[in-house]
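Engineer: I'd like to ask some things about the structure below.
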Ligand code: 21W
């Protein structure tokens, strides 16, 4: 999977996406993340990339031309490599569809994405109309630019690409995110601030351990995320497990 990111701040991407699981996947060539500095495509001697908004009002607007030329440079590179497909262009924008795991899954099937990060007060509408296929927001709160959302998108998509997570790392993906929250986890020492590890985890009884973990996941989802809980269709076994653990909690 390839990502090309059009941004005014390419440096911040390597800092975040050069480490840990994503850094490892890049070194192993399982994913490619390339940043394109929009400023490199300014035709202005001062490398200016923004201008005053027509109609007045405050702030600045990112000019269409540098963004368009940065986009064309990605297509030209593909041409040079004799690759004749057109990558999907995603504009990170507060007006986009709000990202969720289903959208992440859908986007993980693409072979190449171009991500456009806006900044300042916005981007000239005409370049958005001309090149953008899809607008995505990461939630209803206000940020200062599209860079953090682009990194969130790359991170969430990348971990679904085969080979990015190790077998052990993907385990938690298989058994979870079927709409349930994680069960609580513990490691050594056995006692910390007078709090002991639950007995069942020390028992070595794997059937009971799995049962307890499932129960904790159900209980947490029910209590902490009723919105997620209400989307579940629990089978008889799960309903009984939850009922049992909620009774224990009331006591
Ligand atoms: C914030 C850009 C506010 C534009 C017209 C007149 C990308 C984001 C962003 C930003 C405005 C995402 C205006 C969640 C986010 C992002 C920067 C409003 C003012 N337009 N997901 N005046 N939250 N944010 N423009 O902020 O670019 S995805």
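Engineer: In region 117-165, how many are more than 10 Å from the ligand (Cβ to nearest atom), under 17 Å from residue 70 (Cα atoms), touching a residue at least 60 places away in the same chain (Cβ under 8 Å) and buried (at least 17 other Cβ atoms within 10 Å of the Cβ)?
Structural biologist: The number of residues fulfilling the criteria is 3.
Engineer: Would you mind stating whether residue 163 is at positive phi and touching a strand residue (DSSP E or B) at 6+ places or on another chain (Cβ under 9 Å)?
Structural biologist: no
Each reported figure results from applying straightforward, stated rules to the coordinates on display, with no laboratory input. Computed from a predicted structure; not experimentally measured. Every residue, glycine as well, gets a Cβ built from its backbone with ideal geometry; the counts of neighbours run over all protein chains shown.
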